[in-house]
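The values are calculated or read from the model by the stated rules, or taken from the named source; none is laboratory data. All values derive from a computational prediction rather than experimental measurement. Using ideal geometry, Cβ is built from the backbone for each residue, glycine included, and neighbour counts are taken over all protein chains shown. Calculation scope for accessible area: heavy atoms of the full protein, side chains included, ligands and nucleic acids excluded. Shrake-Rupley method; radii C 1.70, N 1.55, O 1.52, S 1.80 Å.
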Amino acid sequence: MHQYAIFYGAAALAVVVWWLTFRDGSARAPFLAILGAVLGGLVLWAWQVSEPSVLFSDFNVAYYPAGRAILEDIPHLFVRCWDTPVCGFVNIPIVAFLFTPFSMLTLRHAHWLFAGLSLLSLVISVGLLWSMTDRVASRRWGIVALFMTSGPLLYSLKEGNLTHFALLLLIAGVVCLDKTWDRSAGSCFALAAIIKLPLLLFAVYFFGKRRWAAVFGYGLTLLAVTGLSIWYAGWASHVAWYREVILPLSDKGIAAFNVQSVQGLLLRLQDGVRLYDWKPVAVPWDVGAAGQACAALFVGLSGWLFLRSPGLQVRETTNLELSMVLCLSLIISPISWTHYYLLLLLPLSLYVGNRLPVATHGGWAVGMTLCLLLISPPVTFPGPDQVAGDQIATLFLSHYVIGAILLWGLCGYARWSVANVSRLRLVAAGSGPPVPVRADRPHESDEPHTRSA
């Protein structure tokens, strides 16, 4: 557990230097250089200690061979590298075309190309977030600091996975919604869901909120990509995808340390589980029932909150709801890998960028900081000898999902508060002087959300 001590110590040092850098409002160059050195050192250290031990392991066993198999050997596209459905290519066949150019290169050169595109996607992600952020130096550099301290992001980069590209698509979708380009937003969210299936939950959200332009863009994109995949690869390959990837996990679970979902958390608390084994195991009835009950509770509460004052939404309220749906997609999915939690950089960046209707000081700052501390540590496995028989240590392995649950709760409370304030304004508009905006949300807008035609 000494890695956590080092991480939190470095994070505390960065906070002190941060305060010295921006205490006068503008960035002070000498301290900004020191801050960059502290964060850069933290990134280098986290890269060294983070899983996986084999660089680009997902890319090597899944994406790189899939780029050639989609052209030459479709029946073997979903061949497992181990006896587990989570090792190998797991996306629908057409996604493999993205890696055909890589497969034409040597593995070493493919690594360099993938690393370059990954860094480019992060630069674009930060740029898009900056476009939505207040023009305040501390807020913009705060978003950069969030990315630099994200352990799940480093994990995805080391794995050679696609989650950070899904983050870019989600950010692009939020930017489109902010500009009322709902059809384009729906397409971005659909493309992200094709890469990471838990994000299909956004389709339910858009449909439930009756944002028909977003539903149209989402549905059209999903149908088009799926149709092209079936047209090229054939129905049999998609049946194989379902049989090899989806079906084995429909009634089983994985208790490995890097499965960060409610079900994974509950499985790890059982006796005799193997935390460094990715073979699906039977889910005890009580664990299954508890997981389903938690999922129903989270989804039910979210739906109830989203239906409160549905006609009084502002853009920041939409950002709150999208943040909640994103948290839900990670929490209730049977398989949520730790690198999925880099997607929570989106709601955290919206908070730092002053695009959520909550205060950036006081209790809200404490709550959001706690979420950040739970979600950001580097992904490491302490070893079975350090957690064997210790329920507290085993529970702590799930700090990422605990942080997501806390973030969901904070956004849910904010959504409930916004609905109450909006209702009071309606009453005040009809019976007396207007009710002032609450002091802890000085940036809340009265502008109603407009939808694209």
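Worth a mention:
- Alpha-carbon centroids, the stretch 1-26 and the stretch 126-193: separation in whole Å: 23
- Compactness of the stretch 11-128 - radius of gyration and Dmax, Cα, Å: 20.2, 62
- The lysine pair count for the chain, using Cα distances under 24 Å and pairs eight or more places apart or on different chains, is 7.
- Here the gap between W19 and A115, fully extended at 0.36 nm per residue and compared with their Cα-Cα distance, gives a gain of 31.3 nm.
- Overall, the anisotropy analysis places the stretch 189-236 in the prolate class: the square-rooted eigenvalues a ≥ b ≥ c of its C-alpha gyration tensor yield a/c not less than 1.5, with a/b exceeding b/c.
- If the chain linking T100 and Y276 were pulled fully straight, counting 0.36 nm for each residue of separation and taking away their Cα-Cα distance, it would gain 60.2 nm.
- Helix 212-233 vs. the chain, principal-axis angle (Cα, 0 to 90°, nearest 10): 10
- Accessible area expressed per residue, the chain, with surrounding protein chains retained (probe 1.4 Å, Å²): 44
- For L269 and S26, the difference between the fully extended length at 0.36 nm per residue and the C-alpha to C-alpha distance is 82.7 nm.
- Between Y242 and L395, the FRET efficiency from the beta-carbon distance, with R0 = 30 Å, is close to 0.35.
- Within the accessible area of the stretch 256-351 (1.4 Å probe), percent carbon and sulfur: 65
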